[in-house]
Structures are given as structure tokens and as C-alpha cells.
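Read the structure below first, then the notes.
The values are calculated or read from the model by the stated rules, or taken from the named source; none is laboratory data. Note that this is a predicted model, so its numbers are computed, not measured. Here the Cβ positions follow ideal geometry from the backbone for every residue, glycine too, while neighbour counts run over all protein chains shown.
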Amino acid sequence: MFIAHIPSGYVFSSLLVERVRNLRASASAVISSGMLGAWAPDFDMAYFYLLDHRQTHHHRYFSHWPIVWLILLAASAVWLRLSRFSKVPILALVFCSGGMLHLVLDSLVGDIWWFAPFVDRPFAMFVVPATFEPWWLNFILHWSFGVELAICIWALLIYRRRRSAKDLG
């Protein structure tokens with residue numbers, strides 16, 4: 001995924017706000033948390049470019065390990081269960097759910113080490129053939145980029161609907 005992680009977090013968290021009442025946090029906080037979580041696994045790009053000098057596929061870093069996000073998700077769920085009045089646990093749960101969404105979307109055409117650190121094997125649903133230079137053209141000209149555009153359009157439609165509902169109310 002190149003462009004759809006943040007919009008996917010917006011779609012996910014906006015739908016959550018619409019469907020779940022009593023979230024204990026404002027809609028804007030929940031949506032921001034979902035968007036940030038959906039982007040968070042790619043924070044490792046700073047390390048990838050600045051320190052690692054692109055030597056290791058950034059999906060091999062622990063920030064892209066599903067076990068890390070599952071542990072954080074479980075810890076957030078326990079925290080939410082134990083905390084009756086704080087809004088922070090729900091924001092943490094939404095953030096971690098956004099992180100898991102990121103990994104699922106990356107699995108469409110990007111290698112994700114689903115069983116890391118125990119199994120050193122990447123998984124992807126589809127392979128993008130390397131036929132163009134520069135490398136990123138392979139992804140933009142692949143059919144999967146249409147999925148990204150659809151997610152972005154979906155996010156835009158939700159945003160416009162929420163905006164017009166706010167203007168009316």
C-alpha cells in the first residue's frame with residue numbers, strides 16, 4: 001500500500017464512531033487514533049532510510065510484525081475492560097486496530113512476516129511483477145492500486161457525508 005493506509009484508518013474509525021455508542025472519547029479523537037494507528041507501522045520508514053540505508057525490507061522490522069500488534073491489541077482490550085471511565089484505553093484499542101488493518105492491507109501485495117519472529121517467511125496474497133523502472137511504477141500500474149484508489153474514494157465520500165451532516169445539524 002502506498003496511499004491508502006491513512007484513508008483506511010479514517011474509514012475504519014468513522015464507521016466505528018457511527019455504529020458504536022458510548023465510546024467515552026470524542027469522534028474526532030477516535031478517528032484521529034484510527035488514522036494514526038493505520039499509519040503507525042510505517043513509522044519505521046525513518047529508520048529504513050536514515051539508519052538502515054534500505055538494506056533490510058522494512059516489513060521485516062518488528063513494527064510490521066503482527067504479533068506485536070496483537071499483543072498491543074490484547075493489552076488495550078484488557079485495559080479497556082479494567083478501566084470504566086477513561087477514554088485512553090478505547091483510543092489505544094482503536095489505534096492498535098488501525099495497526100492491524102495496516103498489516104492486513106499490506107498483505108494484499110506486500111510481504112508480511114505473519115509468524116515473525118518464529119518463522120522467517122513472508123506472505124502476500126498477490127505478487128506484483130517487477131517489470132518497470134523505477135520500482136514504484138510496478139505498484140502504481142498494478143490492479144491493486146485500484147483497491148487503494150477505491151479506499152481513498154470511500155474515505156472521501158464518508159468525509160463529505162460527515163461534513164454535510166455537521167453543516168445540517
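Looking at 106, 111, which one is surrounded by fewer than 19 Cβ atoms within 10 Å (Cβ to Cβ), closer than 25 Å to residue 32 by Cβ and in contact with a strand residue (DSSP E or B) (Cβ under 8 Å, 6 or more places away or on another chain)? So that I can check it myself, show each step before the final result.
Details: 111 fails: closer than 25 Å to residue 32 by Cβ.
Result of the check over 106, 111: 106.
Of the residues 4, 25, 38, 29, only one is in contact with a helix residue (DSSP H, G or I) (Cβ under 7 Å, 6 or more places away or on another chain), touching a residue at least 40 places away in the same chain (Cβ under 8 Å) and under 12 Å from residue 100 (Cα atoms); which? Walk me through how you get there before you give the answer.
Values: 4 fails: under 12 Å from residue 100 (Cα atoms); 25 fails: under 12 Å from residue 100 (Cα atoms); 29 fails: under 12 Å from residue 100 (Cα atoms).
Result: 38 is the single residue among 4, 25, 38, 29 that is in contact with a helix residue (DSSP H, G or I) (Cβ under 7 Å, 6 or more places away or on another chain), touching a residue at least 40 places away in the same chain (Cβ under 8 Å) and under 12 Å from residue 100 (Cα atoms).
Could you look through segment 1-48, keep only residues that are assigned to a helix (DSSP H, G or I) and in contact with a Lys or Arg (Cβ under 8 Å, 6 or more places away or on another chain), and pick out the one that is farthest from residue 141 (Cα to Cα)? It would help to see each step written out before you state the result.
Within segment 1-48, the first condition is being assigned to a helix (DSSP H, G or I), and the residues that meet it are 5-19, 27-48.
The next check asks that each one be in contact with a Lys or Arg (Cβ under 8 Å, 6 or more places away or on another chain); those that pass are 14, 29, 48.
Numbers: 14: 29, 29: 35, 48: 24 Å.
Per the stated criteria, the residue is 29.
Quick one: which of 160, 60, 84 is of a type in the set (Lys, Arg), closer than 25 Å to residue 30 by Cβ and modelled with pLDDT of 95 or more? Explain how you work it out, then say what you get.
Numbers: 60 fails: closer than 25 Å to residue 30 by Cβ; 84 fails: modelled with pLDDT of 95 or more.
160 is the lone residue from the list that is of a type in the set (Lys, Arg), closer than 25 Å to residue 30 by Cβ and modelled with pLDDT of 95 or more.
When the residues of segment 128-156 are filtered to those that are exposed (fewer than 11 other Cβ atoms within 10 Å of the Cβ) and not in a loop (DSSP other than H, G, I, E, B), which remaining residue is nearest to the chain's Cα centre (by Cα)? Give the steps one after another, and end with the answer.
If we filter segment 128-156 for residues that are exposed (fewer than 11 other Cβ atoms within 10 Å of the Cβ), which is where we start, we get 129-131, 133-136, 143, 146.
Those still in the list that are not in a loop (DSSP other than H, G, I, E, B) too: 136, 146.
On the way: 136: 20, 146: 17 Å.
Looking at residues that are exposed (fewer than 11 other Cβ atoms within 10 Å of the Cβ) and not in a loop (DSSP other than H, G, I, E, B), I get 146.
Of everything in segment 19-43 that's modelled with pLDDT under 95 and of a type in the set (D, E, K, R), which residue is surrounded by the fewest Cβ atoms within 10 Å (Cβ to Cβ)?
21
Being surrounded by fewer than 13 Cβ atoms within 10 Å (Cβ to Cβ), of a type in the set (D, E, K, R) and either within 20 Å of residue 101 (Cα to Cα) or in contact with a Gly (Cβ under 7 Å, 6 or more places away or on another chain) (or both) is the filter here, so list the residues in segment 54-84 that pass it.
none
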